[in-house]
Amino acid sequence: MNIHVKQDEAAKECRLDDMKQGILGRDVSRPDGLPKVTGTAPYAAEYKIDGCLEGVIVTSTIVKGEVTNIDASSVLDMPGVEAVIDDPRLTARAAQGTAGEAPAQPARKVGYFGQPVAVVVARTFEEARDAAKHLKIEYRVEDDAIVDPEEADAEAQGDGTKMGDLAEAMNSARHSVDVVITTEGHNSAPMEPHAAIAEWDGDKLTVHASLQMLNYNISELADSLDLDEEKIRLIARYVGGGFGSKLGVSEETVAACVAAMELQRPVRVVMSRQQVFQCVMRRSETRQRLRLAADEDGKLIGFGHEARVSNLPGEEFAEPVLQSSEFLYRGENRLLELEVARIHRMTAGSVRAPGEAVGMPALEAAMDMLAEKVGIDPVELRLRNIPERHPAKDLPFTDHSLAECLTKGAEAFGWDKGPRKPMQKREGEWWIGTGMASAARVHNVSEAKARVTLKADGTALVETDMTDIGTGTYAILTQLAGEMLGLPVDKVLVDLGDTNHPRGPGSGGSWGAASIGSAVFVACEAVRKQVAEKAGVSENELSLSDGRVMNGATLTDLLDGADISAEGHYEPGAISEDYTASGFGAFFAEVRVNRYTGETRVNRMLGSFGFGRVLNAKTARSQCLGGVTWSIGLALTEGLKFDPRDGHLANCDLAEYHVPVNRDVPEVEILLLDGRDPLASAIQAKGVGELGMCGGAAAIANAIYNACGARVLDYPMTPDRVIAAMPENA
Ligand code: MOS
């Protein structure tokens, strides 16, 4: 039985709150937790496959030009070497998420330093790696590569937003801020590097890979290999983080497939950490100009946000820096423009919360400057500028929780609403200060399919190709199905990450939980309908808990040997066009800044978040904790450093690219404001994954200013930048 629901209307009547099992929303532990921490959950590279060869990717040592010759004979005699694959399909992969379109990089062309150009296959990894180092490659070099976004030509991205006259508003405003803020490039740095094992049995390709969106990845792979989708099975049951870097198929997967098909042997390709940095993708650096014009009460009359990002020539993706700026605050005179500089660094793509991750920290630092000029509390400034409707599109909002997040967060943090002045508190060498920022992240839902089977033995099985990239998909789908079918969590098995299952939406853009959750919900409704029929009651009367119907007969008795199965198909409908939907939040931070070294330590941080229904308090909190941790990295330590001469990435490992570690992350408090957003999805939930990092860095930046008076305009705020901006040095 299949059931298709297109959501054109609000999910006002949602059965989920009337269910009796009582597991949804609770802090249920991940069913995948134990296998993961005991090492029995296999990640892509860990499948034991007999006779598996090892492939190592070879990357370009030039920035721009063409591969003219790959001399396989230079390594074929080395120990263990089986083959050198220099198939043009390796270099011709389609850009992220653009299955069916022409590849941005024509075969054999080199567009950046570190671009994969060949793969060496050997019996062991060490032999392959050794040979890869010795492979002789000749290039024709083009020496006109521009690697600095400030020196490159830029093109406008879309039409932007132009309303009223921002320049005039800035001139006539009582208070205004006009500031340029920059952010550096970022790497997704998932714990599990990109990896794949491909097996070709002459007719069918089975691929274990570390990917976020199998439903799309299978088409991308089919395109790259010029193979029918039906001939491919993609499996990604466990994914050790992706953060956007595994949204699309990248070279390790294509390389493993090409090699397996050519050699008729299974082939594994795992990227080194350096390769993950050098050739998967980067978050673009940004330069952002913020112009805020306010009246005497701090109400915005003008709002300008212009940003320059970069990408390779021909690539479509542009870091959507202005995404939440479009609707977060009022201001009738608006100018929002995004431009893309064309440069020869590796492809820029989605890295955790593309857009808001860097746009919000800039906007929220500028808002702090405005609050100071107006002379009001920064929380109050935000409260006064929450618009009734989308200021440019004039659309209503779905559930809007910014005000609640701001006030509840401030209260829980113990925010001092008194007049704020920098350099008021010192402990020994350390200046102490506080800062805050709003959080916002657009909400997305997408089409999703899942099969739910209530088995005759009284257990349930949920099947979809949806992935769990560490976010908690296994847990929330277990809870949803358990709640709807009246089963405890240990009676529900969730089977994910296999393209043989109904197609899910994949994990990306924080749409996973709301989308696949809605598909499972829809499937469960269909199963319940059949259970109700068997029980001789209406579906509304049907009450299921602990495997019993109406606290009487067991489901096993009722089913009498026959499974009940349904495939749920959820699709967002008209409401996604008619409303503006976003998750909201607020961050509060206390920092200490060393007056001599400029070092910043975060003393404590609090985030409050509203995103509709909380499906699992534990995994949602974990997502937010992760977001705050990313915020600390963005604020203080993370930044890609490119050599200005040839654009090669200089800090391409975790020793040189500094993600925050335990000692950098203090006690973090997370407030989840459980709510219901009937316009967001069938289960009244919105995405939370990325929300936790959208703006958090500004709370730290604003706290640095409050502590020591240093208004640093470039993220990350490393000690040298803080020292230079201290009042005595500025
Ligand atoms: Mo996300 S950056 O869409 O995984």
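The values are calculated or read from the model by the stated rules, or taken from the named source; none is laboratory data. What you see is a predicted model; the values in this text were computed from it and never measured. When we count neighbours, we look across all protein chains shown, and the Cβ atoms used for this are built from the backbone with ideal geometry, even at glycine.
Given the range 494-583, what helices (runs of 4 or more DSSP H) lie entirely inside it while holding 1 or more residues that are touching a residue at least 40 places away in the same chain (Cβ under 8 Å) and small (Gly, Ala, Ser)? Write out each step before concluding.
On the way: elements: 512-535, 555-559, 575-578.
Helices (runs of 4 or more DSSP H) meeting the threshold: 512-535, 575-578.
Selection of the range 216-248 for residues being closer than 19 Å to Tyr43 by Cα, crowded, with 21+ Cβ neighbours inside 10 Å and within 14 Å of the ligand (Cβ to nearest atom) yields Asn217, Ala236, Val239, Gly242, Phe243, Gly244, Ser245, Lys246, Leu247, Gly248. Quick check on the range 567-581. Is at least one of its residues touching an Asp or Glu at 6+ places or on another chain (Cβ under 9 Å) and under 13 Å from Val668 (Cα atoms)? Taking every residue of the range 567-581 in turn, none turns out to be touching an Asp or Glu at 6+ places or on another chain (Cβ under 9 Å) and under 13 Å from Val668 (Cα atoms). Residues in the range 181-191 include at least one that is touching a strand residue (DSSP E or B) at 6+ places or on another chain (Cβ under 7 Å), more than 16 Å from the ligand (Cβ to nearest atom), within 30 Å of His305 (Cβ to Cβ) and outside the structural domain of Leu649 (by TED's automatic domain parsing). In the set (1) in contact (Cβ under 8 Å) with a residue 60 or more places away in the chain; (2) small (Gly, Ala, Ser); (3) away from the ligand (no atom under 16 Å from the Cβ), Ala655 fails one condition alone, (1).
Within the range 249-268, being touching a His at 6+ places or on another chain (Cβ under 8 Å), away from the ligand (no atom under 16 Å from the Cβ) and not charged (D, E, K, R) holds for one residue alone: Thr253.
Rundown of residues vs (1) within 16 Å of the ligand (Cβ to nearest atom); (2) crowded, with 17+ Cβ neighbours inside 10 Å, yes/no style:
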position	(1), (2)
Gly612	no, yes
Asn616	no, yes
Ala620	no, yes
Ser631	yes, yes
Gly647	no, yes
Pro678	no, yes
Ile700	no, yes
Ala703	no, yes
Pro719	no, no
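Each residue in the range 403-422 was checked for being of a type outside the set (Asp, Glu) and under 10 Å from Ser608 (Cβ atoms), and 8 of them qualify.
The set of residues in the range 689-730 being over 18 Å from Pro361 (Cα atoms) and among the β-branched types (Val, Ile, Thr) consists of Ile723 alone.
Would you say Ser576 is surrounded by 21 or more Cβ atoms within 10 Å (Cβ to Cβ) and of a type in the set (Ser, Thr, Tyr)? Write out each step before concluding.
On the way: surrounded by 21 or more Cβ atoms within 10 Å (Cβ to Cβ): no; of a type in the set (Ser, Thr, Tyr): yes.
No; evaluated as a whole, the condition is false for this residue.
Which one is farthest from the ligand (Cβ to nearest atom), of the residues in the range 482-516 that are of a type in the set (Ser, Thr, Tyr) and within 22 Å of Asn2 (Cβ to Cβ)? The extreme case among them is Thr499.
Would you say Ala362 is within 16 Å of the ligand (Cβ to nearest atom), of a type in the set (A, V, I, L, M, F, W, C), closer than 27 Å to Gly508 by Cα and assigned to a helix (DSSP H, G or I)? The answer is no for Ala362.
I'd like to check something: does the range 269-286 contain any residue that is charged (D, E, K, R) and more than 16 Å from the ligand (Cβ to nearest atom)?
Quick first cut of the range 269-286, residues charged (D, E, K, R) only: 273, 282-283, 285.
Checking which are more than 16 Å from the ligand (Cβ to nearest atom) leaves us with 273, 285.
Scanning the range 269-286 turns up at least one residue that is charged (D, E, K, R) and more than 16 Å from the ligand (Cβ to nearest atom).
I'd like to know if the range 48-56 contains one or more residues that are touching a Pro at 6+ places or on another chain (Cβ under 9 Å), part of a helix (DSSP H, G or I), surrounded by 15 or more Cβ atoms within 10 Å (Cβ to Cβ) and touching a residue at least 40 places away in the same chain (Cβ under 8 Å). Within the range 48-56 (the criterion being touching a Pro at 6+ places or on another chain (Cβ under 9 Å), part of a helix (DSSP H, G or I), surrounded by 15 or more Cβ atoms within 10 Å (Cβ to Cβ) and touching a residue at least 40 places away in the same chain (Cβ under 8 Å)), the answer is no, since none of the residues qualifies.
Within the range 257-277, the presence of a residue that is closer than 30 Å to Ala371 by Cβ and buried (at least 24 other Cβ atoms within 10 Å of the Cβ) is excluded.
Among the listed residues Val374, Val340, Val379, identify the single one that is at pLDDT 95 or above, buried (at least 24 other Cβ atoms within 10 Å of the Cβ) and among the hydrophobic types (A, V, I, L, M, F, W, C).
So the residue among Val374, Val340, Val379 that is at pLDDT 95 or above, buried (at least 24 other Cβ atoms within 10 Å of the Cβ) and among the hydrophobic types (A, V, I, L, M, F, W, C) is Val340.
Just one of the listed residues (Glu463, Glu429, Glu404) is among the acidic types (Asp, Glu), at pLDDT 95 or above and either out of contact with any strand residue (DSSP E or B) (no Cβ under 8 Å at 6 or more places or on another chain) or under 23 Å from Asn2 (Cβ atoms) (or both), and it is Glu463.
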